[in-house]
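Presented below is the structure to which this report refers.
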Amino acid sequence: MTLTIAAFWPPPPHETTVARYRQIADAGVDLVITGNYLNDAISIRHALNCADEAGLGVLVASDPRIEVLMRDLDPGEEQTRALIGRVIDDYRDHRSFRGLSLMDEPMPDRFGRLAIGVSAVRSRGFLPYVNLFPSHATGPYDEYVGGFVSAVRPALLSFDRYPFLSSGDDPGYFADLATIRAHAAKAEVPAWMYVQTLAYDGHRTPTAAEIAWQVNTALAYGYTGIQYFTYWTPDPSRGEGFRPALVDDGRPTERYAAVRELNTRWLRPVGEELARRPWISAGHTGPLPDGARPLRDGLVASGEVVAGRYGERHLFVCNARHDTATTVTLAARACAFDPATGSYDPCPATFTLDPGAARLLRRES
């Protein structure tokens, strides 16, 4: 599976320029998910032109025809396929066009419509995308996700759950991460997740370490799609109390620089290295979060970590804490991946992981 680094909520129409889209690409992002009032064919095609020049892909998530077709209308399968085909024909000549988002956070009564939409987009050779609710909005989550997979036969599984609350950390984050990944593995499709970049109602502004923690815990669980929520700060008229995101009123925040560093110097090279081998499982040492399993690999002797096993010899080890460093002791010899060189260097038996940080280890004995 290849790694996708995406940004949701790009610049608004009056800021949609080639320079702005190159700024997105400079942050190590390769896919733009539209929104932020890019909600007609003219503005979307302009965004696609900018992405063509900047070397970015675009997932169109704000075409109102798709929104109405999936949520409100039921013209029958033949008409649905024809209407989706017309939308795709409006964008398909752009080399940046990757596919259509059919719905965000659907309830089960929409799964039948989405099954037709997913099939229609896939038959045209593009990505059909649907992003799912977190568990606190659905009832039994395994039933919700399993029902979606069974009915819709999706191309991937994506969800959002933002863990950094004003009152502390969301205790259900790992349970949802595990549920989505388990269903993705069973269906043999990629798993994508959203990373919280900003404060809004009931949620605090994440630190650079907390952003890295979200990315690295997702890699430990075998996710191959990292989507940043949000890139541009939503305007106040939308409500929800959004605070500055990666770019605020055209000005990059300190989190833009942190995400650029994370994406280009860590996530991209380590993600490409992980893509060379299959993800097997994830486990935790120390206190187990809700829905988590203990680590059974045997390489980590001590340390509070969440780790993902890839292939027979590789273990992606992430600090389970985003607020304090942890000391890790290994039970066997290992080498650590150097993202700057692409090589593996001998790893000491005991080392420290900074808050939210990770290492990719290869067992040597």
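Assorted remarks:
- Only listed residue being over 20 Å from T350 (Cβ atoms), open to solvent by less than 60 Å² (accessible area, probe 1.4 Å) and in contact with a Cys (Cβ under 9 Å, 6 or more places away or on another chain), chosen from G291, G308: G308
- Filter pass, A332 being part of a loop (DSSP other than H, G, I, E, B), of a type in the set (A, V, I, L, M, F, W, C) and either on the phi > 0 side of the Ramachandran plot or open to solvent by 20 Å² or more (accessible area, probe 1.4 Å) (or both): yes
- Complete set of residues in region 127-138 that are surrounded by 20 or more Cβ atoms within 10 Å (Cβ to Cβ), touching a Gly at 6+ places or on another chain (Cβ under 8 Å) and free of Cβ contacts under 8 Å to residues at least 40 places away in the same chain: P128
- Condition met for G250 (closer than 30 Å to A187 by Cβ, open to solvent by less than 20 Å² (accessible area, probe 1.4 Å) and not acidic (D, E)): no
- Only one of P348, P355 that is modelled with pLDDT of 95 or more, under 21 Å from Y310 (Cα atoms) and not in a strand (DSSP E or B): P348
- Between G308, G283, G298, the distinction of being in a strand (DSSP E or B) and farther than 19 Å from P171 by Cα belongs to G308 only.
- Taking the listed residues D297, D338, D249, the one that is more than 21 Å from P163 (Cα to Cα), in contact (Cβ under 8 Å) with a residue 12 or more places away in the chain, acidic (D, E) and out of contact with any Gly (no Cβ under 9 Å at 6 or more places or on another chain) is D249, with no other qualifying.
- Test result for V215, closer than 28 Å to L361 by Cα and in a loop (DSSP other than H, G, I, E, B): no
- Restricting region 154-177 to residues that are touching a Pro at 6+ places or on another chain (Cβ under 6 Å) and aliphatic (A, V, I, L, M), the residue that is nearest to W192 (Cα to Cα): L156
- Subset of region 192-216 (residues that are surrounded by fewer than 23 Cβ atoms within 10 Å (Cβ to Cβ) and under 20 Å from R238 (Cα atoms)): A199, Y200, D201, G202, H203, R204, T205
- Any hit, region 316-328, residues being surrounded by fewer than 20 Cβ atoms within 10 Å (Cβ to Cβ) and part of a strand (DSSP E or B): yes
- Of the set (1) open to solvent by less than 10 Å² (accessible area, probe 1.4 Å); (2) part of a loop (DSSP other than H, G, I, E, B); (3) of a type in the set (A, V, I, L, M), all apply to V189 but (1).
- Matching option when the condition is surrounded by 14 or more Cβ atoms within 10 Å (Cβ to Cβ) and either in contact with a His (Cβ under 9 Å, 6 or more places away or on another chain) or not in a helix (DSSP H, G or I) (or both), among A115, A155: A155
- Filtered by the rule that a residue be open to solvent by 20 Å² or more (accessible area, probe 1.4 Å), of a type in the set (S, T, Y) and within 12 Å of the chain's Cα centre (by Cα), region 217-247 gives a lone residue, T224.
- Scanning region 256-270 for residues that are open to solvent by 10 Å² or more (accessible area, probe 1.4 Å), more than 14 Å from W9 (Cβ to Cβ) and either assigned to a loop (DSSP other than H, G, I, E, B) or not acidic (D, E) (or both) turns up A257, A258, R260, L262, T264, R265, W266, R268, P269.
The values are calculated or read from the model by the stated rules, or taken from the named source; none is laboratory data. Because the structure is a prediction, the values reported are computed rather than measured. Glycine also receives a Cβ, built like all others from the backbone with ideal geometry; neighbour counts cover every protein chain displayed. Areas reflect the complete protein model, heavy atoms only, side chains present, ligands, DNA and RNA absent. Shrake-Rupley method; radii C 1.70, N 1.55, O 1.52, S 1.80 Å.
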